[in-house]
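Have a look at the structure below before the remarks.
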Amino acid sequence: MERLVERLEKAVERLETVCQGPGMCGEGSSKGVAEYVQAFDALLSGPVAEYIKISKEVGGDVQKHAEMVHAGLMSERALLVVASQHQQPAENVFSALLKPISEQIQVVQNFREKNRGSKMFNHLSAVSESIPALGWVALAPKPGPFVKEMTDAAMFYTNRILKEYKDVDKKQVDWVKAYLSIWTELQAYIKEYHTIGLTWSKTGPVATEGAKAAPAAPAGVAPPPPGPPPPPAPMSSSTDDSASRSALFAQINRGEGITSGLRHVSDDMKTHKNPALKNQGGPVRSGPKPFTAPKPACNANPSQTTSPKAPPLLELEGKKWRVENQENATNLVISDTELKQVAYVFKCTNSTLQIKGKINSITLDNCKKLGLVFDDVVGIVEIINSRDVKVQVMGKVPTISINKTDGCHVYLSQSSLDCEIVSAKSSEMNVLIPTEGGDFTEFPVPEQFKTVWNGQKLVTTVTEIAG
């Protein structure tokens, strides 16, 4: 991690050096630079520069994180320059041009995950939850609302920071204001120049993957964008690691099918059923060979041993909304709902889902890092076999059930304070109650209990250490 941060710092220094030259980040009147690129430069030299400055004053993990965010913004500027000089390419080419931005988003989020013990974890979380806003360049026709949604995702953590430092450290309060102003200004920028999506040139050549090519830099550091800059080459790629992890999880998630590689041992092969085997020469095995099926998942080419990934799904099947296998989808919305309908959300990762209107019930099954926002549920919201999920009630819900889940935050509304929360075999559960000031107060759900016999029946109470 230290080496990665070192490389990022060098890349940022090179980018800042380029920005000091004519026609780059600091000069809005640069000749040959599109108007919307100049406007983005103004954002970099304004709110972004202020955020970087205060982050350096705070120091530590906050400073390192800010440098990663800056690198992501510079990758985005490079794409804007390409778009200002080229016509829109085919989808596969566009995906290749977006890759440096998506990889930098992943770098920012990974830094938070690897520093969960940091004293500045709320700062890291605010940035990590909102950094996907850089992906607005891939969205149409409403990129602006997407940035607003990502900004709202950071508010929970920025409110924590304000609550902790409001009367203690003004610098922390200024950091929150500077960071949030980046996304506020970006929304205004998008509304003016890219209202229905990224604006491409109508006269230039069609963009190709070569449009992002740049000469190699020493020590593997991504080169700074020349003028006009193409997107910088990625400093590192987590594709192979992600593939290996996906293959491993695919093996683990096979459930009962994981034993399909075991050999059946018939009675004539068992020594206690067939004593004649004991008299034969050579070593006698006491049982079947230990199971080794998961090992192929760690090979250099795991794709040869795993089944194809199931396609993402969001559709209404009869009375059931099916949302399945969604990954990194931050703008899933179900709006045309009816009271008799139910929603089933299965194997969705690092995504957010909003369900508008009144619905019968919602089930989250086998989800990870999922955010769910809904208006009203007349039945029950069930969370099963999941991890790191956040559920926000905007209207009313009578019951929320949490089962076999590690990490669950439930945000209640004023009208849902009488909701019953039933939990079993789960950990790290928190219920957040709204206050008059618009903030939330967090209350942990007990995980450990004490049961005693009082002579007539069993009496169960929360243990003192569990609060």
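Checking K396 against (1) of a type in the set (K, R); (2) touching a Ser or Thr at 6+ places or on another chain (Cβ under 6 Å); (3) surrounded by fewer than 18 Cβ atoms within 10 Å (Cβ to Cβ), only one condition comes out false. Which one? Among (1) of a type in the set (K, R); (2) touching a Ser or Thr at 6+ places or on another chain (Cβ under 6 Å); (3) surrounded by fewer than 18 Cβ atoms within 10 Å (Cβ to Cβ), K396 violates only (3). Here I101 fulfils each of the conditions (1) of a type outside the set (G, A, S); (2) open to solvent by less than 10 Å² (accessible area, probe 1.4 Å); (3) at pLDDT 95 or above apart from (3).
The rows are residues; the columns are (1) in contact with a Ser or Thr (Cβ under 6 Å, 6 or more places away or on another chain); (2) closer than 23 Å to Y157 by Cα.
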position	(1), (2)
H409	no, yes
S423	no, no
S426	yes, no
L432	no, yes
G437	no, yes
F440	no, yes
F443	no, yes
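Suppose the filter is open to solvent by 40 Å² or more (accessible area, probe 1.4 Å), modelled with pLDDT of 90 or more and part of a loop (DSSP other than H, G, I, E, B); does E338 pass it? Considered against the rule, which asks whether it is open to solvent by 40 Å² or more (accessible area, probe 1.4 Å), modelled with pLDDT of 90 or more and part of a loop (DSSP other than H, G, I, E, B), E338 comes out as yes. What is the one condition in (1) open to solvent by less than 20 Å² (accessible area, probe 1.4 Å); (2) without any contact (Cβ under 8 Å) to a residue 12 or more places away in the chain; (3) not hydrophobic (A, V, I, L, M, F, W, C) that R77 does not satisfy? So R77 meets the others, but not (2). Take the residues of the stretch 445-455 that are assigned to a strand (DSSP E or B) and of a type outside the set (S, T, Y): which is farthest from M155 (Cα to Cα)? The residue in question is W453.
Checking the structure you have, find out if any residue of the stretch 408-417 is among the hydrophobic types (A, V, I, L, M, F, W, C) and part of a strand (DSSP E or B). Yes, the conditions are met somewhere in the stretch 408-417.
Tally the residues that are in contact with a helix residue (DSSP H, G or I) (Cβ under 7 Å, 6 or more places away or on another chain), among the charged types (D, E, K, R) and closer than 17 Å to E185 by Cα, restricting the search to the stretch 148-165. Steps first, please.
Here is the first cut: in the stretch 148-165, the residues in contact with a helix residue (DSSP H, G or I) (Cβ under 7 Å, 6 or more places away or on another chain) are 148, 150-151, 153-154, 157-158, 160-162, 165.
Within this subset, residues satisfying the condition of being among the charged types (D, E, K, R) are 148, 160.
So of that shortlist, the ones also closer than 17 Å to E185 by Cα come out as 148.
Number of matching residues: 1.
Considering only residues that are assigned to a helix (DSSP H, G or I), among the aliphatic types (A, V, I, L, M) and open to solvent by 20 Å² or more (accessible area, probe 1.4 Å), which ones fall in the stretch 144-172?
Quick first cut of the stretch 144-172, residues assigned to a helix (DSSP H, G or I) only: 144-165, 170-172.
Filter again for among the aliphatic types (A, V, I, L, M), leaving 147, 150, 153-155, 161-162.
Those that are assigned to a helix (DSSP H, G or I), among the aliphatic types (A, V, I, L, M) and open to solvent by 20 Å² or more (accessible area, probe 1.4 Å): A153, M155, L162.
A search for C-beta distances below 7 Å between a residue of the stretch 139-157 that is assigned by the TED database to the domain that holds L98 and any residue that is of a type in the set (D, E, K, R) and part of a helix (DSSP H, G or I), counting only pairs 6+ apart in sequence or on different chains, returns G144/K191; A153/E129; A154/E129; Y157/E129. Scanning the stretch 355-385 for residues that are over 15 Å from V422 (Cβ atoms), of a type outside the set (V, I, T) and either crowded, with 21+ Cβ neighbours inside 10 Å or within 18 Å of the chain's Cα centre (by Cα) (or both) yields a count of 9.
Only a single item in (1) open to solvent by 40 Å² or more (accessible area, probe 1.4 Å); (2) not in a strand (DSSP E or B) is not met by V333, and it is number (2). The selection criterion, being of a type in the set (G, A, S) and either surrounded by fewer than 18 Cβ atoms within 10 Å (Cβ to Cβ) or within 19 Å of L314 (Cβ to Cβ) (or both), does not hold for S416. Here K450, K457, K425 are screened, and the one residue that is open to solvent by 100 Å² or more (accessible area, probe 1.4 Å), among the basic types (K, R) and at positive phi is K425. Taking residues in the stretch 96-108 that are more than 12 Å from W136 (Cβ to Cβ), and partners anywhere that are of a type in the set (S, T, N, Q) and part of a helix (DSSP H, G or I), the pairs with Cβ atoms closer than 7 Å and at least 6 places apart or on different chains are P100/S75; Q104/S75; V108/S128.
Here the stretch 173-205 is the region considered, the condition is being open to solvent by less than 80 Å² (accessible area, probe 1.4 Å) and in contact with a strand residue (DSSP E or B) (Cβ under 9 Å, 6 or more places away or on another chain), and the residue that is farthest from P145 (Cα to Cα) is G204.
Among the residues of the stretch 47-61, the one identified as more than 20 Å from T184 (Cα to Cα) and in contact with a Leu (Cβ under 8 Å, 6 or more places away or on another chain) is D61.
The values are calculated or read from the model by the stated rules, or taken from the named source; none is laboratory data. Everything quoted here is computed from the prediction, not taken from an experiment. Glycine also receives a Cβ, built like all others from the backbone with ideal geometry; neighbour counts cover every protein chain displayed. Ligands, DNA and RNA are excluded from the accessible area calculation, which covers all protein heavy atoms including side chains. Shrake-Rupley method; radii C 1.70, N 1.55, O 1.52, S 1.80 Å.
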